[in-house]
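**Student:** Please read through the structure below; I'll follow up with questions.
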Amino acid sequence: MQFFETIKHFFSGSYHLFRILFSALTGIFIFCFVAFIVIYYGFARDLPDIKTIEDYRPPVISEVFAHDQTKIGEFWTECRFFVPYEKIPRRILLAFLDSEDDRFFEHSGIDMRAILRAFIANLRAKGITQGGSTITQQVTRSLLLSRERSYKRKIKEAILAVRLERSLTKEQILTLYLNQIYLGNRAYGVAAAARNYFHKSLDELTLAEISLIAGLPTAPTSYSPVNNPAAARKRQLHVLGRMLENNHISEEQMQQAMNEPIALFVAGVDKTFTHPSAAYFVEHVRRVVKEQYGDEALYHRGLKIYTTADVSFQEIATKAVRQGVRDLEKRQGYRGPHEHVEKELIPERIQKIETALRREQFDHIIHWPPTTLPREENVLLEEEKQYEAVVTGFEGKNVLIQIGLTKGVIPHRGYKWARSFNTKTVGYDDVNYVSEPRYILKIGDVIFVMKQADGSFYLVQPSETQGALFAVAPDTGFVRALVGGTDFEKSEFNRATQSLRQPGSAFKPFVYAAALDKGYTFDTIIDDDPVEYQVGIDMFWSPKNYGDEYNGPMSFRQALIQSRNIPTVKLAYDMGTDYLTAYVRKFGITTPIDRYLSMALGANGVYLSEIVPAYATFASHGAYRPPVYITRIEDAKGEILYEHQSHLLQTSLPRTPASESETDENVSDEKIAETKEQYTEKVKAAITQVQDSDLNTLLFFQEQQTIEKEDLVLTNLELKTLYGNAIPQGHVITPQTAALMIELLKGVVQSGTGQRVSKLGRPVAGKTGTTNDESDAWFVGFIPDLAVGTWVGFDALKPIGEKETGGKTAAPIFLSFMEAVTKDTEPKDFTLPENFPHGNISALPGGSALFGSRPRMHLPGERGGSDRADEFFEEDLEEQNDVTGVNPPPSSEATNPL
C-alpha cells in the first residue's frame with residue numbers, strides 16, 4: 001500500500017513538474033515567437049516591396065533627341081540606363097556570375113557556404129573584413145541604399161533576399177542586379193558603365209572591357225580604374241581567371257583580353273554629355289520640362305524628349321555667332337596681352353600651358369592596361385578654338401609663339417587688325433592697322449591664338465561681347481536652332497530666351513503692318529521732318545533719325561526701307577499706342593509694353609525667341625505659330641505624356657475684302673475716287689455695335705484678356721481691324737497684309753539698311769535694328785521656309801562700337817548662317833496668297849483696312865501739310881469700343897507651354 005502511495009506521490013509530483021516545464025517552454029516559445037515577429041517586423045517594415053519586376057522603378061536617365069533622333073542631351077542625378085534581361089549579352093552575364101556568385105542559380109538567395117566562410121574569416125580578423133553576399137543580397141544592399149558593414153544590415157539583406165527569391169525569377173533578380181549596382185565613374189548599372197567608361201553600348205564591349213567592369217561591384221571606389229588602376233587590374237585578372245576556371249573563355253581569349261589596350265573615359269555630370277553645339281537648346285528644354293513635370297520626372301523617370309532641333313543647323317549657328325562676335329571685336333581693337341612674364345620665366349610659363357593642355361586633353365582619358373612607363377603623346381590643337389600662347393620672338397613681320405611645347409607662327413594677316421581698343425571710333429574689316437608686330441607685342445607676352453587651316457595662328461582675344469541666334473520654321477513654329485551665347489561653358493545665360501533687350505528698328509515692321517491695316521499704302525506720303533510731341537506737363541519729346549538727318553516728304557515704303565524714325569513715330573501717333581499695342585500682342589510678343597510713342601522705335605525690351613516667330617508670321621501668310629521646342633515626350637515605358645498638335649494650315653485661304661473686286665485688275669490711282677461725303681457716310685454706317693459676324697471670334701477672345709489686362713481703349717472700328725472676320729481662322733493678320741509686309745521687307749534687303757544680306761542670292765526679307773549708342777545690334781529676317789534672328793551686344797548696356805549697327809554687326813551672322821543652311825537647296829520665292837491683286841500694289845492697303853482697297857485720295861483743304869495720312873479723317877468719328885453682346889467661341893484646350 002505504501003508502495004502505491006509512493007508511486008502515486010511520484011507521478012503527482014512529476015505531473016506538477018511537467019506542467020511547470022510545459023508552461024515555461026510554452027511561454028518561452030510564445031515569447032520567442034512574439035520577439036521574432038517584433039524583430040522581423042522591426043527589420044522588415046521599411047524594406048522595399050518588390051513583388052514583380054514592374055515594381056522596380058530606379059532612377060533612370062532622361063534623354064533629349066533632335067528632330068532626326070540624334071541624341072543631344074540627357075538629364076540625371078543617377079546615371080542609369082535600364083536594360084531588360086534579354087538585351088544583356090550572355091558574356092556580360094557570365095562575367096558577373098563567375099566573379100560574384102557562381103552558385104546563383106543553385107541557392108535560394110542566401111549561400112550558407114559563403115556566409116560560413118566569411119564568418120570564420122571575420123572571427124580570425126576580430127572584425128568584419130569579408131562578406132558572403134550573394135547577388136540577391138547585393139541587390140538588396142543596393143536597394144537599401146546602404147553599404148554599412150554591420151549584422152543589422154546583414155539581417156535586412158537576408159530578409160529582403162528571401163522575399164525577392166520568392167517573388168521573382170532568377171532572371172528577374174539578375175536584371176535588377178545588373179541595372180541597380182553602382183560601378184563607379186558615375187555609372188549605375190552595366191549599360192551606364194559601358195557608356196561612361198568606354199563610350200560604347202553593351203553589345204559593343206570586348207572581353208577585356210567586360211572583365212574590367214565585372215570586377216567593380218565589390219568595391220567600386222577601391223577598385224576603380226580611375227582612382228586605383230593597380231587594384232582594378234587585379235580585379236580584372238580575377239574575373240578573367242574565374243571565367244577561365246568555369247570554362248566560359250579559353251586560355252587564348254584570356255591572354256588577348258589581358259593585353260588588349262583600352263581607352264577609359266572619366267565621366268562628368270549630365271551636362272558634359274550634351275551635344276556642344278546644342279547646349280543652349282538642351283538647357284532651355286530642361287527648364288521647360290522641369291517647370292511642367294517637376295524634378296522627379298525630369299531626372300529620375302527616364303523620359304524620352306523629342307525636340308525640333310536640327311543638329312547641323314545648331315553647329316552652323318554656333319560657328320556663325322562666334323565668328324560674328326570675333327569680327328566685331330577685331331573692329332573694336334585689341335585689348336592687349338593677357339599677361340606678361342619676364343624672359344627668364346618664359347620656360348616655366350610655357351610648361352604651365354603645356355600642363356593645362358595635357359590635363360584638358362588627357363586627364364579624362366586613361367590608357368589601359370596601366371603601366372609605369374610614361375606615355376609620350378603630342379597635344380593636338382584644334383581649329384576654331386582659343387589657346388594661351390607665349391610670344392618667344394619675331395622674324396620679320398612674323399610673331400613666333402609657343403602653345404605649350406608646340407611652336408607656331410602668327411603671320412602679318414593674323415594681327416594686322418589689332419589697333420588699340422576703342423569703341424568710340426569706327427572700326428573696319430580687313431584694314432592694315434598694324435604693320436610692325438613689335439608695336440603691339442613683345443617677348444614674354446601671354447596672348448590668345450587660334451589655329452588656322454594652313455597651320456599658322458591668328459591673334460584673338462577672349463570674347464566680352466555676346467551674340468545670339470534663333471531660327472524657326474514659319475509654317476510649323478518648329479525651332480531649328482537656338483544659340484544663346486558664344487560659350488555655354490562660360491555662361492549658361494540664354495540671351496535668346498532670357499535676355500530682354502530693346503530691338504530698336506527691328507520693331508518697326510509691326511508699326512508698318514498696323515498702319516497698312518489702318519489704310520496706309522506704299523504711296524502714302526509722310527514728312528520726314530523734325531517734330532515735337534508733348535508727353536507730359538511741360539515735357540516734350542523730339543524723336544531723331546539715325547545720324548540726325550532728315551529727308552522731307554517721303555513714301556511710306558521708303559520710310560521703312562531707309563528705317564527713318566520720324567515717319568515711324570508719326571505713324572504711331574496717328575494710330576495710337578493702344579491700337580499699336582493690341583496689334584503687336586497678336587504676334588506673340590508677351591513682354592511688358594510701355595505705351596509711349598517711343599515704343600514705335602523699339603524702346604520696349606523683347607526676347608529674340610519672341611520677335612523671330614513674330615516675323616515668321618509674315619512668311620506664313622499671317623498665321624502666327626508659337627515657337628515649338630518639343631514635339632513629344634514619352635515615359636520609360638514608351639507611353640506618350642505629351643505630343644505637339646500641329647495647327648492645320650487652310651489649303652484655301654479666304655478672300656480678303658481688298659481682293660474681292662481686284663482679282664484680275666491692277667490696283668491703281670486711276671480708279672474713280674469717292675467724294676469725302678460718300679466715304680464719311682460709309683464710315684458712319686460701320687460704327688455700330690460689334691457683333692459675332694463682324695469678328696474672327698476665336699482670335700478676338702484669345703486677345704480679349706490682353707485688352708482687359710492692359711486696359712486698352714479701342715474703338716469699334718479698331719476692334720474690327722484687329723480681330724475682324726477678314727482675318728482667316730488660324731491667322732492673326734490677313735494674308736494680304738502679310739504679303740505687303742514681305743514686299744516691304746524685301747525692299748529693306750534690296751536697297752535699304754539690310755543690303756548686306758542680299759548677298760544670299762535668293763529671295764529674302766528682313767529688318768535691321770540698332771539701339772541708342774549702338775548698345776544692341778539686330779537683324780531679323782526670313783526666306784519662305786525659315787525665319788532667323790540675330791543679336792549682338794554686351795550683357796551690360798554699353799556701346800559695342802561706333803557705327804556698329806544691325807546691318808554691319810548682326811546681319812553678317814544672319815548671312816553666314818543662311819548661306820550655310822541653304823547652300824544645297826534650290827532658291828524659293830515667296831508665294832502670294834490666293835486672289836491677291838496682280839500688278840501695281842502701291843495703292844493697296846492691308847487686308848483688314850475698313851472697306852478694303854481704297855484709292856489714295858488727296859483732299860484739298862483738309863489739314864494741308866499735316867503729317868497724318870489724308871485717309872484718316874474717320875478717326876474722329878469712331879466711338880469707344882463696346883464689346884457687350886459678343887458671344888465667346890467654343891471652348892478649346894489650353895495651350896501647352898511645351
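**Student:** For segment 721-743, how many residues meet the condition of being in a helix (DSSP H, G or I) and either among the aromatic types (Phe, Trp, Tyr) or out of contact with any helix residue (DSSP H, G or I) (no Cβ under 6 Å at 6 or more places or on another chain) (or both)? Talk me through it step by step, then tell me what you get.
**Tutor:** We begin by selecting, within segment 721-743, every residue in a helix (DSSP H, G or I); these are 721-723, 735-743.
Checking the rest, the ones that are also either among the aromatic types (Phe, Trp, Tyr) or out of contact with any helix residue (DSSP H, G or I) (no Cβ under 6 Å at 6 or more places or on another chain) (or both) come to 721, 723, 735, 739, 743.
Looking only at that region, the number is 5.
**Student:** Moving on. Taking Ala192 as the residue in question, decide whether it is surrounded by 24 or more Cβ atoms within 10 Å (Cβ to Cβ) and in contact (Cβ under 8 Å) with a residue 12 or more places away in the chain. Lay out the reasoning, then the answer.
**Tutor:** Numbers: surrounded by 24 or more Cβ atoms within 10 Å (Cβ to Cβ): yes; in contact (Cβ under 8 Å) with a residue 12 or more places away in the chain: yes.
For Ala192, the condition - surrounded by 24 or more Cβ atoms within 10 Å (Cβ to Cβ) and in contact (Cβ under 8 Å) with a residue 12 or more places away in the chain - is met.
**Student:** Taking Leu264 as meeting all but one of (1) open to solvent by 40 Å² or more (accessible area, probe 1.4 Å); (2) over 27 Å from Arg141 (Cα atoms); (3) not in a helix (DSSP H, G or I), write down the number of the exception.
**Tutor:** So Leu264 meets the others, but not (1).
**Student:** Okay, next question. Against the definition (hydrophobic (A, V, I, L, M, F, W, C), over 22 Å from the mean Cα position of the chain (by Cα) and open to solvent by less than 20 Å² (accessible area, probe 1.4 Å)), how does Ala232 come out, yes or no? Give the steps one after another, and end with the answer.
**Tutor:** Details: hydrophobic (A, V, I, L, M, F, W, C): yes; over 22 Å from the mean Cα position of the chain (by Cα): yes; open to solvent by less than 20 Å² (accessible area, probe 1.4 Å): yes.
Answer is yes for this residue.
**Student:** Oh, and also: Considering only residues that are touching a residue at least 24 places away in the same chain (Cβ under 8 Å) and crowded, with 19+ Cβ neighbours inside 10 Å, look in segment 424-440 and name the one that is nearest to Lys803 (Cα to Cα).
**Tutor:** Here the residue is Gly427.
**Student:** Confirm whether Phe522 is of a type outside the set (A, V, I, L, M) and either under 26 Å from Gly747 (Cα atoms) or in a helix (DSSP H, G or I) (or both).
**Tutor:** Numbers: of a type outside the set (A, V, I, L, M): yes; either under 26 Å from Gly747 (Cα atoms) or in a helix (DSSP H, G or I) (or both): yes.
The answer is yes for Phe522.
**Student:** Specify the residue that is farthest from Ala738 (Cα to Cα); the eligible residues are those in segment 577-588 that are touching a residue at least 60 places away in the same chain (Cβ under 8 Å) and either charged (D, E, K, R) or open to solvent by 10 Å² or more (accessible area, probe 1.4 Å) (or both). Please lay out each step first, then the result.
**Tutor:** Of segment 577-588, the ones touching a residue at least 60 places away in the same chain (Cβ under 8 Å) are 578-587.
Subsequent filtering for residues that are either charged (D, E, K, R) or open to solvent by 10 Å² or more (accessible area, probe 1.4 Å) (or both) retains 578, 585-586.
Values: Asp578: 21, Arg585: 16, Lys586: 13 Å.
Selected residue: Asp578.
**Student:** What are the residues in segment 182-219 that are at pLDDT 95 or above, among the β-branched types (Val, Ile, Thr) and not in a helix (DSSP H, G or I), if any?
**Tutor:** Of everything in segment 182-219, just one residue is at pLDDT 95 or above, among the β-branched types (Val, Ile, Thr) and not in a helix (DSSP H, G or I), namely Thr206.
**Student:** Would you say Val321 is over 17 Å from the mean Cα position of the chain (by Cα), in contact (Cβ under 8 Å) with a residue 12 or more places away in the chain and open to solvent by less than 20 Å² (accessible area, probe 1.4 Å)? Break it down into steps so the answer makes sense when it comes.
**Tutor:** Numbers: over 17 Å from the mean Cα position of the chain (by Cα): no; in contact (Cβ under 8 Å) with a residue 12 or more places away in the chain: yes; open to solvent by less than 20 Å² (accessible area, probe 1.4 Å): yes.
No: the conditions fail for Val321.
**Student:** Might you let me know whether segment 389-403 holds any residue that is without any contact (Cβ under 8 Å) to a residue 24 or more places away in the chain and touching a Phe, Trp or Tyr at 6+ places or on another chain (Cβ under 8 Å)? Please lay out each step first, then the result.
**Tutor:** Within segment 389-403, the first condition is being without any contact (Cβ under 8 Å) to a residue 24 or more places away in the chain, and the residues that meet it are 395-396, 400.
When the remaining residues are screened for being touching a Phe, Trp or Tyr at 6+ places or on another chain (Cβ under 8 Å), the result is 400.
For segment 389-403, residues without any contact (Cβ under 8 Å) to a residue 24 or more places away in the chain and touching a Phe, Trp or Tyr at 6+ places or on another chain (Cβ under 8 Å): present.
**Student:** Given the criterion under 30 Å from Tyr197 (Cα atoms), of a type in the set (Gly, Ala, Ser) and outside any helix (DSSP H, G or I), identify the matching residue among Ala389, Ala309, Ala356. Spell out the reasoning first.
**Tutor:** Values: Ala389 fails: under 30 Å from Tyr197 (Cα atoms); Ala356 fails: outside any helix (DSSP H, G or I).
Going through Ala389, Ala309, Ala356 in turn, the sole match is Ala309.
**Student:** A further question on this structure: Touching a Ser or Thr at 6+ places or on another chain (Cβ under 7 Å) and either closer than 28 Å to Leu786 by Cβ or modelled with pLDDT of 95 or more (or both): is that true of Gly294 in this structure? Steps first, answer last, please.
**Tutor:** Values: touching a Ser or Thr at 6+ places or on another chain (Cβ under 7 Å): no; either closer than 28 Å to Leu786 by Cβ or modelled with pLDDT of 95 or more (or both): yes.
Here the answer is no, as Gly294 does not meet what is asked.
**Student:** Continuing with the same structure: Cβ-Cβ below 7 Å, separation at least six or inter-chain, first residue in segment 536-564 and under 22 Å from Phe779 (Cα atoms), second among the basic types (Lys, Arg) and in a helix (DSSP H, G or I): which pairs?
**Tutor:** Within 7 Å, the pairs are Leu560/Lys508; Ser563/Lys508.
**Student:** What single numbered condition from (1) in a loop (DSSP other than H, G, I, E, B); (2) under 27 Å from Tyr415 (Cα atoms); (3) not charged (D, E, K, R) fails to hold for Ile350?
**Tutor:** Answer for Ile350: the failing condition is (1).
**Student:** Tell me which residues, restricted to segment 481-493, are over 23 Å from Glu388 (Cα atoms) and buried (at least 24 other Cβ atoms within 10 Å of the Cβ).
**Tutor:** Ala481, Leu482, Val483, Gly484
The values are calculated or read from the model by the stated rules, or taken from the named source; none is laboratory data. Worth saying up front: this structure is predicted, and the values here are computed from it rather than measured. In this analysis, Cβ positions are derived from the backbone assuming ideal geometry, glycine residues included, and neighbour counts consider all displayed protein chains. Note: accessible area is taken over every heavy atom of the protein model, side chains too, but ligands, DNA and RNA are not part of it. Shrake-Rupley method; radii C 1.70, N 1.55, O 1.52, S 1.80 Å.
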